[in-house]
Amino acid sequence: MDKRFFKMFGLTEEEAIAIIDTPLEQLEDASDKYIAVSHLINFPTEQSIAALVRAIETSNPDELDHRIVRRKAVESLGRLQAQSALPVIRQCLKDDDIYTVENTVWTIGEIGTRDPEILEEVAQLLDKPGQIYRVIIHTLANADYRPSLERVRKFTQVEDEPTRSAAIATVCRFTDDYSQISEVIALLQSSSVNARRGCIQDLIDSRYYKAIPEIARCPVSLVFRLRALRMLLDAGVPSGEITFTEIQPYLEQVLYDRPNDLDLVHEYDATPVLDFVINELYETDFGRCYLATKTLLDIYPQEAPQALLVTYGDKAYNDYGAHYHVMKLFGWLKYAPAYDLLIENLHNREPQFQKSRAACAIALGELGDSRAIFELKICLNTPIWDLKYACLLALDRLGDSSGREICTGDRDWLIRAKATSTQ
């Protein structure tokens, strides 16, 4: 579980617990209690778990502010994997609020119970109208609760694509019959970004290694694709089902993240003006961002660098999605004046810009400036595997092999495999 973003408030554990134990109507701002239950994720102690349980037990589900705190308290117990709190968490499965139920099911999955009585209560939600079924199916699948098979099967024909994807993948897993998994793979090309992201998760959970080439070409943020390939490698290499050498080209294809290596699902009816294309870099659906990136490279290679500098100074410097695309584009455009900006962001340690650091490494390799070798080698000391891997790719582009020598003894098996590979 990635906890980089959780510690955003300056509260101590005692202060957070004190806020939780203060009646909501006595607080100056109702959101204070929400912040407190969110913040306790940083304190995996019995006191924190007990306080979160009290937040659930003392909440009034009939009042919105109470419901919001209740939902978040349940989620925080999941992030703490609080097994001891399961009896209280379980009661929330009966809530009328579907979002509390959703968080409860997710939390039960995070805790990882195999208690058949609890899992049967979760499965019964599939027969209850109006629920958020994807998380229910996902939790049952990961718990390998096969008595839910026929109830899950009902959702393999539903209109909602993320739910349908989860249901089909789960039926495949429970029956060991993967003849329908192609329907999940087809959703990698859905017009819905949520469906694309969801089916990647379903393919990970199914350990369906044959889908790796299609996952690599799916037009979602490389974060989702890298996570998928890394999880599949970590599972499949030790079991002998796949090898690093087989998957290496797809992994590096994702790290380079060229728009021409993706199967884009969007298109323009006519050639858009430059300002429109630049604004598309801010879209939350990265499929649209990749189309914009391709358009800038194909149609506006001369005008794009200056436009990118302007948008960076305007707002991309603070928008982690657009920031990533701007950094990568400077490399593909071979824009040498961006060297200092790329170096600055290569070393940007703000967590929201992590994927931009790897983008900067790739871009520096594309610029071909040997001054970057020293800076890239500094980043080989990072614990961030994709940044290290990207730096090795960039160093190879710059004709430097010393980075590989440094990484032959790396703690991460994947980095060691790259360092000693012939590719």
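The values are calculated or read from the model by the stated rules, or taken from the named source; none is laboratory data. Owing to the predicted nature of the structure, the values given are computational and were not obtained by experimental measurement. All Cβ positions, glycine included, derive from the backbone under ideal geometry; neighbour counts span all protein chains shown. These accessible areas exclude ligands, DNA and RNA; they are computed on the full protein's heavy atoms, side chains included. Shrake-Rupley method; radii C 1.70, N 1.55, O 1.52, S 1.80 Å.
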### Message
Please verify whether Asn279 is in a helix (DSSP H, G or I), among the polar types (S, T, N, Q) and more than 30 Å from Ala141 (Cα to Cα), treating the condition exactly as stated.
### Response
yes
### Task
Filter the stretch 379-403 for residues that are open to solvent by 20 Å² or more (accessible area, probe 1.4 Å), within 26 Å of Phe224 (Cα to Cα) and over 24 Å from the mean Cα position of the chain (by Cα) and give the result.
Asp396, Arg397
### Task
Working only within the stretch 374-423, note down all residues that are in a helix (DSSP H, G or I) and among the basic types (Lys, Arg).
Lys377, Lys388, Arg397, Arg404, Arg416, Lys418
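Criterion first (of a type outside the set (S, T, N, Q), more than 26 Å from the chain's Cα centre (by Cα), open to solvent by 10 Å² or more (accessible area, probe 1.4 Å) and farther than 15 Å from Glu121 by Cβ) does Asp65 satisfy it? Let's see the steps before the verdict.
On the way: of a type outside the set (S, T, N, Q): yes; more than 26 Å from the chain's Cα centre (by Cα): yes; open to solvent by 10 Å² or more (accessible area, probe 1.4 Å): yes; farther than 15 Å from Glu121 by Cβ: yes.
In short, yes.
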### Task
Please state which one of Leu341, Leu376 is open to solvent by less than 10 Å² (accessible area, probe 1.4 Å), over 24 Å from the mean Cα position of the chain (by Cα) and farther than 23 Å from Arg217 by Cα.
Leu376
## Note on the structure
Leu291 meets each of (1) open to solvent by 30 Å² or more (accessible area, probe 1.4 Å); (2) in a helix (DSSP H, G or I) with one exception, condition (1)
